[in-house]
């Protein structure tokens with residue numbers, strides 16, 4: 001009576017379309033096997049089995065080698081690209097602020113609102129047609 005009851009492990013079954021979607025994500029290069037494993041809570045061995053079973057590229061017996069360094073380098077490249085784009089965006093924002101100040105100063109000097117007067121003034125000799 002002192003024994004604790006054994007917990008039954010539930011076996012999960014995945015739909016064929018789900019398995020193929022996982023393999024497609026791997027083959028597209030968006031995710032590595034370890035990333036898919038963590039993302040979906042599936043063992044890496046199950047994912048490798050699906051790759052060997054459903055992949056059009058990888059055949060059974062083919063060894064798939066993933067380098068963590070390459071994924072880390074890809075991440076670093078993307079972070080550098082984001083930093084560069086943020087820097088460029090900041091420069092454009094400074095230019096825009098400068099142009100707005102320039103227009104405001106010119107408007108004060110000329111005594112007219114240059115922001116709103118972007119259309120040409122009609123001459124007095126132009127004819128208008130009424131319908």
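Each value in this text was obtained by applying a stated rule to the coordinates, not by laboratory testing. On a predicted model such as this, the values are computed, not experimentally measured, just so you know. Methodologically, a virtual Cβ is constructed for each residue, glycine included, from the backbone with ideal geometry; neighbour enumeration extends over all protein chains shown.
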* Listed peptides 44-55, 96-107 by packing density, highest first (mean Cβ within 10 Å) -> 44-55, 96-107
* Provide the packing ranking of 10-18, 25-33, i.e. peptides ordered by the mean count of other C-beta atoms within 10 Å per residue, highest first. => 25-33, 10-18
* Asked: Roughly how large, in nm² to one decimal, is the mean projection of the convex hull of the alpha-carbon atoms in segment 68-114?
  -> 3.1 nm²
